[in-house]
1. Leaving ligands, DNA and RNA out of it, work out the accessible area of Asp160 with a 1.4 Å probe and give it in Å² to the nearest 10.
2. Quick one: accessible surface of Phe138, probe radius 1.4 Å, all protein chains present, in square angstrom to the nearest 10.
Amino acid sequence: MKHIAIMLTALAALSANAQTAPAIKPGTWETSSKVSTADIQTNAALDMAMQQLGNLPPAQKAQMDAFLAKNGVSSPTVGTDGAIAVRACVTPEMAARKELPLNQKGQCTSTSTPIAGGYDVSFTCKDPVSSGRGTVRFVDDRNYTMVMDVSTTATGAQHDVKINSTGRWVSAACPAKP
């Protein structure tokens, strides 16, 4: 679950101060992210953790799902490459504010600087303690790529990770809330 928190804190940077970003379509979006480090052993541990995500005990899965739902995000799925995919709803109001649903309820702050086709962003989060810098590039109004360098203590020790993500618009409709 801590590895998901690392990914979500980086994605949280997309939700604040996004006024300079290109338009965001309302509806369901899917983001697929791969976390990696320069350390081979840590990469292997991250890959193993992602593979074991589907085998969480019911109580841990419920805790993770509740954390994600609180941030407007679906239960994650893990691809064969170890990338984790989540779906989230962007309401028309959020789209008008150029906001994605990952702000962790005030736990993160971010700044953004417009660049051609997207923006450079930096963020700091309180829970888990983390900070990072990255670039978001919109391919079009239905697709984006993001690369973030993140420093975090989410696993209890200091780690520097790189998060490579792709986002795609799935549909205009959002799933009903539970």
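The values are calculated or read from the model by the stated rules, or taken from the named source; none is laboratory data. Keep in mind the model is a prediction, meaning the values are calculated, not measured. Only protein heavy atoms, including side chains, enter the accessible area calculation; ligands, DNA and RNA are left aside. Shrake-Rupley method; radii C 1.70, N 1.55, O 1.52, S 1.80 Å.
1. Roll a 1.4 Å probe over it and Asp160 shows about 100 Å².
2. The accessible area comes out at roughly 30 Å².
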